[in-house]
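Before any comments, here is the structure.
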């Protein structure tokens, strides 16, 4: 903060308050124009390099997924698409049993996202609508603490609970432990607090109960938040690895992420072309969701630290 | 003031008490009953050279991934924040790896660094004449895992740094510029200090991420090897608990992790404040 004061010192204040510094006009000084064009060019070059470097692993993976096995070992590495696309994707599909895996991943991702939305809507409503009830803060903080803990921290007790309930290797184990969401509760609570109390009073006078008020008035107002939360939770669940690995034992309950491990571990010499085909299948759904709803995604990144 | 005090107190006290209570017990794997065993869980854990090694690996990994990741993302965020043509497109183009899963990242980086088929291996061979076998040398394997982790978090970090940069009033930079500060100096004297809350927040989030969310990456890429060189704490917990079925050891590790998260979370709330977190 001290730095701020120093920089904004007396000179700066005077200038910016009374007489904005004369900006060089575009056409006024040719030298400046050239300099600007040059720096624009350098920026573009730097950014393009950065984008290429960042994208390279995935793009190369996509290319390899179209090549025949022997193309992998060409020197120098071949950077153009090959002719084995169909064979690779078919092999990956067969080897990792992709069909059921994709179905499972979709089921658990959608179910978890919906479950989280419903539960956090209800919890947030309770916290915002019933302004005072006993132990409110305690409840709130408990929700916060419990669900800001990363999964690995509570994995042993949670797994033991699944054993006790007999849920191991079932959809219950893959979804229900994820249902409670601090992120969602916070998001909706914050939004509900901005709804003027007069609205709920009016609803009460008209004879609408709390639940009806939630469903008929607050729910339609929250659609944007619901969509954002759905997306974040879908991607989050789709990408889960550790929990499905532990809690499923049979082939039929595996998810797509584990399919990647199956492909990688399948052979002594990694068949990267087949593995990459599997990787592409696994990464496309979340990538589509994120790219289609990019702006919402950026906004909801701050929620994406979800545990 | 009061709410933040309450949160700090509760984040500090409740987890500590809870962790302490649980750490004094040993859960019997067959009956599921807890027995009071005092501090022996922790003693056993701290006495284990393997566990200490795992702590070291985690700290090195998380430290490298966080520092390197923040430096690169800040640089990229500065580039994208310039009035550059197509800035929005560049932003998206740098963001999307964040949507990929750790397992996907693991497989892709395994390919890129494959000892025989990997283009990076080939390029380095061309440049230096050395053919590296990344997955056999412990330090190299840890390096690859770190790079992959940095890469995956780029998008996340850039979004927050950009938000931080955009919140800096342009007047300040203009004033500094009028006072004759060079671009380099403007960065260190104006932008960097004003970014410190964001940086701190990201420091904590990246550390947590490195510690806890890279299991899939490591399981696909190295399985904690070679010779346990990438055996981070979560991976060891998985091995002890779910592969070797040593519940007592795994529970104690769970609790140790719990304490680490509690400390990081308290630091987060204490110094970065809740504003950055929930806004």
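The simple Förster model, with R0 at 60 Å and r as the Cβ-Cβ distance, assigns residue B:44 and residue B:187 a FRET efficiency of 0.75.
Spin-label pair residue A:211-residue B:116: with each label point 7 Å from Cα along the Cα-Cβ axis, the two points sit 6.4 nm from one another. For the segment A:237-247, counting C-beta atoms of other chains within 10 Å of every residue's C-beta and taking the mean gives 5.
Taking 0.36 nm per residue of sequence separation and subtracting the Cα-Cα distance, how much length would be gained by fully extending the chain between residue A:85 and residue A:265, in nm to one decimal? Could you put the intermediate results ahead of the total?
Working: separation 180, 0.36 × 180 = 64.80 nm, distance 2.11 nm.
Here the answer is 62.7 nm.
Evaluate E = 1/(1 + (r/R0)^6) for residue A:219 and residue B:243, where r is the Cβ-Cβ distance and R0 equals 45 Å; express this FRET efficiency to the nearest 0.05.
Numbers: r = 45 Å, r/R0 = 1.00.
The computed FRET efficiency comes out at 0.50.
With neighbour counts taken as other beta-carbon atoms within 10 Å, the residues B:171, A:267, A:71, B:114 rank, fewest first, as A:267, B:171, A:71, B:114.
Cα extents for the range B:86-222 along the principal axes, largest to smallest and rounded to whole angstrom: 55, 35, 30.
Scoring A:73-79, A:222-228, B:252-258 by mean Cβ neighbours within 10 Å over their residues and listing the highest first yields B:252-258, A:222-228, A:73-79.
The modelled label-to-label distance between residue B:123 and residue A:195, using points 7 Å beyond Cα along the C-beta direction, is 5.3 nm.
Whole number please: convex hull volume per residue of the Cα set in the range A:54-203, in Å³? Intermediate results must be reported in sequence, preceding the final value.
Values: hull volume 32.8 nm³, N = 150.
Dividing the Cα hull volume of the range A:54-203 by its residue count gives 219 Å³.
Mind checking the mean number of beta-carbon atoms from other chains within 10 Å of the Cβ atoms in A:59-70?
Numbers: counts 1, 6, 7, 1, 0, 6, 1, 0, 0, 0, 1, 0.
Rounded to a whole number, the mean comes out at 2.
Across the range A:46-104, Cα-Cα pairs more than 12 Å apart make up 72 percent of the total. Using a cutoff of 8 angstrom between alpha carbon atoms and counting only pairs six or more residues apart, the relative contact order for the range B:65-220 works out to 38 percent. Any chance you could tell me what percent of the C-alpha pair distances in the range A:151-307 go past 28 Å? Roughly 41 percent, once rounded to a whole number. The mean number of partner chain beta-carbon atoms within 10 angstrom of a residue's beta-carbon across peptide B:184-197 is 2. Summarising the label geometry, the points placed 7 Å from Cα in the beta-carbon direction at residue A:176 and residue A:34 lie 7.4 nm from one another.
Were the residues from residue A:55 through residue A:74 laid out at 0.36 nm apart, the gain over their Cα-Cα distance would be 4.6 nm. Relative contact order of the range B:136-247: 38 percent, from C-alpha pairs under 8 Å at least 6 residues apart in sequence.
Values quoted throughout were computed directly from the atomic coordinates according to the rules given, and no laboratory measurement underlies them. These numbers were taken from a predicted model, which means no experiment stands behind them. Because the Cβ atoms are built from the backbone with ideal geometry, glycine has one as well, and the counts that use them run over all protein chains shown.
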